[in-house]
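To start, the structure under review is shown below, and the notes come after it.
The values are calculated or read from the model by the stated rules, or taken from the named source; none is laboratory data. Not measured: the values here are computed from a predicted model. The accessibility values were calculated without ligands, DNA or RNA, using every heavy atom of the protein model including side chains. Shrake-Rupley method; radii C 1.70, N 1.55, O 1.52, S 1.80 Å.
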Amino acid sequence: MSKVDKKTVEYVANLARINLAEEEKKSLIAQLSKIFDYIDKLKELDTESIKPMRNLHQAQGVLRKDEARPSDHRDRILNNSPSREGDYFKIPKVIE
């Protein structure tokens, strides 16, 4: 049995400020009814033994500790710049 009727579709369309043709209303009634039927099917599932999830990626300790380490990247990065002055990037003046 359909939980969505033409009146409901027209009400929602009015709230969304969209105009629907009769064919679109019929299509939406069918689509929304299928969605609600599927939701009813999902409600029948026994989920008592399933632990709630915070998110899909519950892996622990996937990030390393944030620790300062010596790095030799500075010279390689500066050597890739078009212009440098000592240990700094040299750029054209942008503020008058």
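Take the chain, drop everything but the C-alpha atoms, weight them equally and run the Debye formula without solvent; then report log10 I(q)/I(0) at 0.12, 0.13, 0.22 Å⁻¹ to two decimals. The Debye formula, applied to the Cα set alone, gives -0.69, -0.72, -1.06.
Taking every protein chain into account, the accessible area of the range 23-74 amounts to 108 square angstrom per residue (probe 1.4 Å).
From largest accessible area down, sort Leu78, Leu15; use a 1.4 Å probe on the protein chains.
Numbers: Leu78 5, Leu15 115 Å².
These residues rank, largest area first, as Leu15, Leu78.
Taking the 1.4 Å solvent-accessible surface of the chain as the whole, the part contributed by carbon and sulfur is 56%.
Among the listed pairs Lys3/Lys51; Lys6/Lys41; Lys7/Lys34; Lys25/Lys51, those whose Cα-Cα separation exceeds 28 Å are Lys3/Lys51; Lys25/Lys51. For Arg84, the residues whose amide H sits under 5 Å from its own are Lys90, ignoring neighbours fewer than 5 places away on the same chain, with H placed 1.01 Å from N.
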